[in-house]
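Beneath this line is the structure, given in structure tokens, with notes to follow.
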Amino acid sequence: MADFLLELRSEEIPARMQAGARTELEKLFRREMDEAGVAVGDLTVWSTPRRLALIAKGLPKETEAVRDEAKGPPVGAPDQAVDGFCRKNGVSREQLEVREVKGRETWFAIIEKPGQAVADLLANAITNIIRDFSWPKSMRWGEASLSSESLRWVRPLSGIVALLDGEVVPCVMDGLSSGRETMGHRFHSEGAITIEGADDYAEKLRAACVIVDHEERQNLIRERASAAAKAEGLNLVEDEGLVIENAGLTEWPVPLLGRFDEQFLDVPPEVIQLTARVNQKYFVCTDKQGNLANAFVCTANIEAVDPAVVVDGNRKVLAARLSDARFFWELDQKTPLAEHAKKLERITFHDKLGTVVDKVDRVAKLARWLAEEGIIKADPDLVEQAARLAKADLVTEMVGEFPELQGLMGGYYAEKEGLPQEVAHAIRDHYKPVGQGDEVPTAPVTVAVSLADKLDTLVSFFAIDEKPTGSKDPFALRRAALGVLQLIEENRLRLNLAYPLASQAGELLLKTEPSLAKTGLRHFADLVPDYGTEAAAKAMMALLKSREQADANEGYETGKRAVDAAIDLLDFFADRLKVQQREAGVRHDLIDAVFALGGEDDLVRLLARVKALQAFVETENGTNLLAGYKRAANILKKEDYDAEPEHTGEEDPLALAGDPEFDEVVAAIASEREKPHALSYTPEPAEKALMDALDEVEPKVSEAIEAEDFEAAMAALASLRQPIDAFFDEVTVNDEDPERREARLALLARFRDAVHRVADFSRIEG
């Protein structure tokens with residue numbers, strides 16, 4: 001067995017491309033070896049700013065001989081077919097064999113492939129790897145670059161080291177010949193370095209001041225940067241991305257601590273950190289109290305004779321950057337946020353959705369509504385003020401330089417301007433949460449603005465049919481929906497989402513919205529909890545249709561589009577909530593069981609129901625009741641019996657479009673609910689016991705659900721376990737008497753419906 005070393009040396013590879021390049025090198029090498037039939041064992045891939053290196057351990061020196069067989073045309077086939085088969089497989093007619101296949105004589109080619117030297121296979125593989133290597137950006141160079149067929153690489157390729165078991169693997173690529181010589185550190189090493197093989201590669205380069213292992217460089221930067229800070233009584237602000245980037249910029253990293261003028265600490269600490277990080281790749285430090293210190297840690301690529309000279313040079317560059325940041329900070333404060341906000345009319349939010357000012361106006365109205373309705377206990381005036389100023393910092397110089405600071409800078413400017421603290425904090429935090437694990441706001445004014453902003457984004461893009469697809473979500477609507485769910489759950493907001501979604505969509509679709517459409521949208525939301533989104537939508541459409549009488553009426557069409565958008569959004573929220581709760585460890589079948597009930601858009605209540613259901617089904621009573629339910633459901637299904645109310649047919653609300661009163665439309669839906677009829681025979685004891693149990697349990701379940709005491713609802717259902725078991729043991733459901741059979745099926749349907757008041761148990765596994 002032999003070890004193989006490949007080094008591809010070039011001018012500086014951008015740090016951001018090195019991780020992808022390592023993955024690409026490994027992928028292409030494995031591809032080439034798989035195609036050559038060479039098994040690959042341990043594989044190590046390293047990178048520095050000036051080289052990619054691969055070491056493959058335990059490669060064979062030769063491949064084994066292979067004997068293949070290929071089935072050809074039948075004997076008697078045209079000569080052209082037989083000759084083509086021979087050419088394809090590299091054999092002559094004399095080498096063909098005749099075998100019988102399904103009673104017919106058929107030509108077979110026996111192909112003997114002798115073993116090959118792996119060095120020859122590697123030589124071909126190296127050229128293929130270099131030619132097929134994919135970079136995010138690449139270039140051509142030299143005279144050869146005049147041709148579009150010339151070699152492309154991220155930077156000019158300058159050397160190839162290729163050694164198998166210490167012997168050079170000869171190959172030539174675009175005028176470069178492979179060898180065993182490489183180069184060390186640009187400043188600390190002179191002349192070529194001769195590599196004997198894979199085993200001494202890393203140590204030979206280390207002696208030339210190159211740490212070829214990128215992970216070793218990362219560890220060194222972490223340890224020495226932290227040590228440099230501690231030596232000054234400070235703490236390094238951890239930044240893993242910056243560690244990786246500095247490791248990608250240096251071959252011999254030397255962290256050094258320096259100081260900058262304390263006067264710059266008047267600038268917000270986030271600005272200083274971003275200035276140091278983004279522009280100079282420096283770490284920052286904090287003091288023992290956690291406050292930002294006037295210290296930075298830079299990572300040099302040389303072991304300087306006088307480190308103070310290196311530190312001073314970096315300090316001067318950082319000072320210039322911090323001076324620019326301070327200038328922006330002071331300049332922005334000369335203009336009040338309200339004046340900045342007026343400039344937002346020059347920024348297009350979306351071609352179909354108007355400017356950022358249009359969005360701000362929608363958000364302000366929705367945020368104020370959330371406060372006025374008492375959904376969020378906040379001062380409506382402060383909420384509206386915060387909403388109208390929340391996007392103002394987008395036009396400031398500081399956010400123009402560092403877009404990552406949007407919101408944060410607005411909060412700082414609001415404080416400097418003397419605005420109420422609640423307003424400043426809402427401006428600062430209204431983008432939160434921006435993902436899993438991010439802080440979820442709890443301050444009422446902030447929650448109102450954050451929730452309104454995210455709801456408006458979702459409604460706006462759903463209203464113009466810009467919805468996420470399986471692979472694309474350009475407007476981050478999934479993240480916005482997750483943020484809404486987190487805000488509602490964390491703050492336990494009692495919010496029926498249907499109305500604000502439909503209302504916001506309606507307002508977006510009509511600048512001057514008919515009052516009738518507003519009324520219909522509110523009624524739509526009121527009906528959702530009892531009748532589900534579909535039935536509520538039908539009732540609302542019936543009202544609009546009956547009042548307006550014209551198919552093309554603007555109010556009717558607007559209302560219809562608004563409700564459609566709201567229904568789609570409610571489904572979208574349901575999908576996001578399922579994903580979120582599954583990741584939190586909630587069983588997916590239980591989530592489905594509660595969602596299947598429909599008509600539930602109060603997320604706090606919905607989650608409480610799911611958690612109570614999960615606790616219940618894990619008990620013995622829950623397991624046994626589930627078994628009884630499934631037995632009842634199977635009987636009903638087998639008998640094609642379904643006593644559940646349907647919102648369709650002759651009493652469909654749309655059939656009542658001429659009725660001018662909305663309450664009558666609602667009554668039409670309610671009238672569809674059937675009630676049990678009196679029996680004309682004496683029920684058996686177990687049958688009567690189940691009836692009595694249901695008479696007792698049904699009101700308890702209803703009361704418990706109304707009080708949102710879902711544990712009590714589950715406990716009430718648990719009392720049905722013994723009666724339903726006894727019913728199945730002692731009563732014949734499919735009695736010969738049609739009346740008895742029908743009554744007992746109705747009783748089972750009643751039992752099923754009682755269980756369905758809590759959840760659809762048919763969705764529960766087990």
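Partner aspartates and glutamates whose Cα lies under 14 Å from the Cα of K638, excluding those fewer than 8 positions away in the same chain, are identified as E742. When Cα extents along the principal axes in Å is calculated for this entry, the matching label among (1) 112, 78, 51; (2) 104, 96, 55; (3) 76, 68, 47 is (2). When each of the peptides 488-497, 417-426 is scored by how many other beta carbons lie within 10 Å of its residues on average, the order from highest to lowest is 417-426, 488-497. Sorted fewest first by neighbouring Cβ atoms within 10 angstrom, M691, M1 come out as M1, M691. Listed from fewest to most Cβ neighbours within 10 Å, the set V731, V363 follows the order V731, V363.
When the C-alpha to C-alpha distance is required to be over 27 Å, the pairs from K377/K467; K230/K316; K334/K359; K467/K637; K334/K391; K352/K578 that qualify are K377/K467; K467/K637; K352/K578. The aspartates and glutamates whose alpha-carbon is closer than 16 Å to the alpha-carbon of K342, local same-chain residues fewer than 8 away aside, are D332, D358, D361, E384, D393, E397. Helices assigned as whole DSSP H runs in the chain whose Cα atoms extend at least 30 Å along their own long axis and whose mean Kyte-Doolittle hydropathy is 0.0 or higher are found at 307-332. In plain terms, the residue of E143, E404 with the fewest other Cβ atoms within 10 Å comes first and the most crowded comes last, giving E143, E404. Computed across region 381-444, the Kirkwood hydrodynamic radius from all distinct Cα-Cα pairs reaches 11.8 Å. Within a straight-line Cα-Cα reach of under 17 Å, K71 can be paired with the following aspartates and glutamates, leaving aside sequence neighbours fewer than 8 residues apart in one chain: D79, D83, E94, E97, E100, E105, E112. The alpha-carbon positions of region 140-257 define a convex hull whose volume is 142 Å³ per residue.
A crude spin-label estimate for the pair E339 and E696, with each label 7 Å from Cα along the Cβ direction, gives 7.6 nm. Taking Cα centroids, how far is region 364-406 from region 168-194 in Å? After rounding, the separation between the Cα centres reads 60 Å.
Taken together, the values in this text are just the output of simple stated rules run on the coordinates, not laboratory data. These figures come from a predicted structure and were not determined experimentally. Note that we place each Cβ from the backbone using ideal geometry, even for glycine, and neighbour counts take in every protein chain shown.
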